[in-house]
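> My structure is below; once you've seen it, I'll send some questions.
The values are calculated or read from the model by the stated rules, or taken from the named source; none is laboratory data. Treat the numbers as computed from the prediction; the structure is a model and nothing was measured. Here the Cβ is made from the backbone with ideal geometry for all residues, glycine too, and neighbour counts use every protein chain on show.
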Amino acid sequence: MSDAALAAGRAAALRGEIERHNHAYYVLDAPTIPDAEYDKLFRELQALEQQYPELLTADSPTRRVGAAPLKAFPPRVHGVPMLSLNNAFEAAEVEAFDQRVRDGLETIAAVDYAVEPKFDGLAISLTYENGIFTCGATRGDGTTGEEVTPNLRTLRCIPLRLQGAGWPVLIEIRGEVLMYRQAFAELNARQRERGDKEFVNPRNAAAGSLRQLDSRITASRPLSFFAYGVGAGGEQLAVRTHGELMDMLANWGFPVAAERRVVQGAKGLLAYFAEIGDKRPSLPYDIDGVVYKVNKLAAQAQLGFVSRAPRFAIAHKFPAEEALTEVLGIDVQVGRTGAITPVARLKPVFVGGVTVTNATLHNEDEVRRKDVRIGDTVIVRRAGDVIPEVVAIVPEKRPTRDLFGGEPLHPPFAMPTACPECGSAIAKGIDEVVARCTGGLYCPAQRKQALLHFAARRAMDIEGLGGKLVDQLVDAGLVHSPADLYGLTIEKLAGLERMGEKSAQNLVAAIEQSKQTTLARFIFALGIRNVGEATARDLAHHFGQLEALLAADGEALQQVPDVGPVVAASIAAFLAEAHNREIIGRLRAAGVTWPEGEARDSGPRIFTGQTLVLTGTLPTLKRDEAKALIEAAGGKVAGSVSKKTDFVVAGEEAGSKLEKALELGVPVIDEAELLKLLEKGVE
Ligand code: IVH
């Protein structure tokens, strides 16, 4: 078969598949594949049509922006069509876009771009006549949308009457309806309680909520809106740039992105992309990239449009956080405290910038709720550095016993009753979600985790003692408890596979070095359930000496700031175990030591009871160091600014946290002032 014939067949298949996904996504609100997969198919079809222009048919999905409107809502023809944006994923594509813009404008000077987040919601158009909201519609196929005016009226952030002045007789406002992450979590919790179906992600929740025939249901859903442009009537506005337009929309009463800004040239675009990428996890809503628009409206008009998208704007997308793959198996993993976590073993898939082969299923209830089985096709999500998780299955892709549906090939997941590592019983406390292996340190998996925790940088800081080595040491029977580490010799280590003389020497030296520590690190290293770094520090400060801690009962423990009944009970239970006390004794006997008495709490320290927030790059201190200093002075370091924040420590390129602090009137200090305060605390 000729290349052209092959291409024709492939294009027809792609068109059919894309159309099916469009229907499922836009008409039924039931996505069948993640956006990234869809984008891939779409790009492939686009590329084919570019290579073989004769394949571009009148009904190609590349010719339209969305899908046909639902019959149940009245159709609404937009005054000006709602177009789409071309996507860029790589820096080179952004540079090429900037080059095209400069070629189009016949300039070599850096172009001003208005930049803003790309909201991950659904596009809508709001019509105002004489300043009154008269009609709201979804994008539909870009030309005709679905009229959902009563539903949009329920969104409190959409003005029913425009504020200020300067609006023409008729104006279409364009923007995105979305759901904040927090609101989404609460909505899903409510759905779960009622036994209703949960939504896969905030965007689907927003789409499903807006497409309700009964607007009372929409009213009960926490939807938000951001404006990012105008349609019909826009040409009559007295503004010269997109930036001015956004300011005008804000003045009329529309929410607009606080992160919007004007930058210069491709360099400015890429710097903004990096900055928003960093901020992304702390934004209260999902974004899937950023949007760059030539700022000058006259320049926009000069550049114009090509097929379905403007030449003056582009979406720079983050790597997809969701992807489709297949479940090869479901195992359980045993954590440091015995917690049993079901884990899906996956056919390797590239998602969130890395190849993922395992994804957590959290706990038994979650696997049941999502009904994940071997052979299922699942949506996997990896956002930022968060552990990859299985979001949902694609029910129609479940393998069945025969071709015509019927019995699923694999049974539902069942939690093992015995620990796969040590054979001990797995038990779940009443009202507990997490099942645990009851083997304690008898269980090699728990032992390995406990050793890794003990050796961690923030605990005993034994350099070079990582996962593989711990596995070897435990499997060879050389180490049963942390105390055994101090009995290791170069000769004993030499017997291990792939262990050279030099590595053995280094490890023994690192173990030796770890003997000089602090009481707080030692307590943390013990791995007592519910005792994190901060609690370990509080305990060290309060008791001053290990013996005092060992002698404390539940009541004495609760005298420690921030130690409540649950934490006190965990500590008491740990100390009640004879073998834990024995290990502590052996560690001390091996020479683990710390400056005695130094840590004893001598009353409140400079930041006792205060919360500080770090933002931007400090001139000399690393983030970790600043945090440690503040905590050593009794303070807490939080991730976000609120009315309760006592100080914000701002360095270079401080962003939204600094803005928030100024807005709330929270005192802002720099590194020098922080160090001065800390010095005062020592006096
Ligand atoms: S401007 C001519 N700005 O992304 C099209 N779009 O594929 C102008 N979106 O349909 C769109 N955030 O739903 C624009 N800040 C933003 C946006 C944004 C999200 C969506 C919008 C649009 C799609 C583009």
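> Go through the range 243-291 and give me each residue that's away from the ligand (no atom under 16 Å from the Cβ) and within 22 Å of the chain's Cα centre (by Cα).
Of everything in the range 243-291, those that are away from the ligand (no atom under 16 Å from the Cβ) and within 22 Å of the chain's Cα centre (by Cα) turn out to be LEU270, ALA271, ALA274, ASP278, PRO281, SER282.
> Would you point out the residue of the range 71-90, among those that are among the hydrophobic types (A, V, I, L, M, F, W, C) and more than 16 Å from the ligand (Cβ to nearest atom), that is surrounded by the fewest Cβ atoms within 10 Å (Cβ to Cβ)?
Checked the range 71-90; the qualifying residue surrounded by the fewest Cβ atoms within 10 Å (Cβ to Cβ) is ALA72.
> Another question, if that's okay. What's the number of the only condition in (1) under 20 Å from MET82 (Cβ atoms); (2) within 15 Å of the ligand (Cβ to nearest atom) that LEU237 fails to meet?
So the condition that LEU237 fails would be (2).
> Separate question: Step by step: first the residues of the range 550-565, then only those that are part of a loop (DSSP other than H, G, I, E, B) and among the charged types (D, E, K, R), then the one that is nearest to the chain's Cα centre (by Cα). Which residue is that?
ASP562
> Going by what's in this entry, would ALA109 be described as without any contact (Cβ under 8 Å) to a residue 60 or more places away in the chain, more than 16 Å from the ligand (Cβ to nearest atom) and in a loop (DSSP other than H, G, I, E, B)? Spell out how you get there, then give the answer.
Values: without any contact (Cβ under 8 Å) to a residue 60 or more places away in the chain: yes; more than 16 Å from the ligand (Cβ to nearest atom): yes; in a loop (DSSP other than H, G, I, E, B): yes.
Spelling it out, ALA109 is indeed without any contact (Cβ under 8 Å) to a residue 60 or more places away in the chain, more than 16 Å from the ligand (Cβ to nearest atom) and in a loop (DSSP other than H, G, I, E, B).
> Looking at the range 221-234, is at least one residue touching a Lys or Arg at 6+ places or on another chain (Cβ under 8 Å), away from the ligand (no atom under 16 Å from the Cβ) and not in a loop (DSSP other than H, G, I, E, B)? Please lay out each step first, then the result.
Just the residues of the range 221-234 that are touching a Lys or Arg at 6+ places or on another chain (Cβ under 8 Å), to begin with: 227-231.
Filter once more, so that each one left must be away from the ligand (no atom under 16 Å from the Cβ): none.
Within the range 221-234, not a single residue is touching a Lys or Arg at 6+ places or on another chain (Cβ under 8 Å), away from the ligand (no atom under 16 Å from the Cβ) and not in a loop (DSSP other than H, G, I, E, B).
> Same structure, new question: Among what's in the range 112-144 and is hydroxyl-bearing (Ser, Thr, Tyr) and not in a loop (DSSP other than H, G, I, E, B), pick the residue that is nearest to GLY175 (Cα to Cα).
By that ranking, first place goes to SER125.
> Another question, then. Given the structure, is LEU658 within 37 Å of the chain's Cα centre (by Cα) and over 22 Å from GLU533 (Cα atoms)?
yes
> Could you grab me the full set of residues in the range 385-440 that are over 33 Å from the mean Cα position of the chain (by Cα), among the charged types (D, E, K, R) and at pLDDT 85 or above?
Scanning the range 385-440 gives a single hit, GLU407.
> Filter the range 295-309 for residues that are within 12 Å of the ligand (Cβ to nearest atom) and part of a strand (DSSP E or B); which is surrounded by the fewest Cβ atoms within 10 Å (Cβ to Cβ)?
VAL306
> If you don't mind, another one. In this structure, does ILE124 turn out to be touching a Leu at 6+ places or on another chain (Cβ under 6 Å), among the β-branched types (Val, Ile, Thr) and surrounded by 19 or more Cβ atoms within 10 Å (Cβ to Cβ)? Write out each step before concluding.
Details: touching a Leu at 6+ places or on another chain (Cβ under 6 Å): no; among the β-branched types (Val, Ile, Thr): yes; surrounded by 19 or more Cβ atoms within 10 Å (Cβ to Cβ): yes.
When the stated conditions are applied, ILE124 does not pass them.
> Could we say that GLN212 is in a loop (DSSP other than H, G, I, E, B) and of a type in the set (S, T, N, Q) here?
On the way: in a loop (DSSP other than H, G, I, E, B): yes; of a type in the set (S, T, N, Q): yes.
Yes.
Residues checked against (1) among the polar types (S, T, N, Q); (2) modelled with pLDDT under 95; (3) in contact with a helix residue (DSSP H, G or I) (Cβ under 7 Å, 6 or more places away or on another chain):
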{"position": "ALA298", "(1), (2), (3)": "no, no, no"}
{"position": "LEU303", "(1), (2), (3)": "no, no, yes"}
{"position": "SER307", "(1), (2), (3)": "yes, yes, no"}
{"position": "PRO319", "(1), (2), (3)": "no, yes, no"}
{"position": "GLU326", "(1), (2), (3)": "no, no, no"}
{"position": "GLN333", "(1), (2), (3)": "yes, yes, no"}
{"position": "ILE340", "(1), (2), (3)": "no, yes, no"}
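> Follow-up question, since we're still on this one. Taking TYR38 as the residue in question, decide whether it is modelled with pLDDT of 85 or more, surrounded by 14 or more Cβ atoms within 10 Å (Cβ to Cβ), within 16 Å of the ligand (Cβ to nearest atom) and under 28 Å from PHE350 (Cα atoms).
Judged against the criteria, TYR38 is a match.
> A further question follows. Which of the following residues is among the charged types (D, E, K, R) and free of Cβ contacts under 8 Å to residues at least 24 places away in the same chain: GLU235, GLU275?
Just a single option satisfies the conditions, and that option is GLU235.
> Restricting to the range 127-160, and then to whatever is crowded, with 22+ Cβ neighbours inside 10 Å and of a type in the set (D, E, K, R), can you tell me which residue is farthest from the ligand (Cβ to nearest atom)?
Residue satisfying both the conditions and the ranking: GLU146.
> So if I check each of ALA183, ALA165, ALA189, which one is hydrophobic (A, V, I, L, M, F, W, C), away from the ligand (no atom under 16 Å from the Cβ) and part of a loop (DSSP other than H, G, I, E, B)?
Answer to the check: ALA165.
> Tell me, which residue of the range 347-369 that is surrounded by fewer than 20 Cβ atoms within 10 Å (Cβ to Cβ) and part of a helix (DSSP H, G or I) is nearest to the chain's Cα centre (by Cα)?
Taking the candidates together, the pick is GLU366.
> Do we find a residue being more than 28 Å from LYS40 (Cα to Cα), out of contact with any His (no Cβ under 8 Å at 6 or more places or on another chain) and hydrophobic (A, V, I, L, M, F, W, C) anywhere in the range 353-369? Quick ask: steps written out before the conclusion?
Keep residues of the range 353-369 that are more than 28 Å from LYS40 (Cα to Cα), which gives 362-369.
Those left that are additionally out of contact with any His (no Cβ under 8 Å at 6 or more places or on another chain): 362-369.
Now restrict to residues that are hydrophobic (A, V, I, L, M, F, W, C): 367.
Looking through the range 353-369, at least one residue is more than 28 Å from LYS40 (Cα to Cα), out of contact with any His (no Cβ under 8 Å at 6 or more places or on another chain) and hydrophobic (A, V, I, L, M, F, W, C).
> Looking at GLY665, GLY639, GLY651, which is the one that is modelled with pLDDT of 85 or more and on the phi > 0 side of the Ramachandran plot? Don't jump to the end; show me each part of the working.
On the way: GLY639 fails: on the phi > 0 side of the Ramachandran plot; GLY651 fails: on the phi > 0 side of the Ramachandran plot.
From the options GLY665, GLY639, GLY651, the qualifying one is GLY665.
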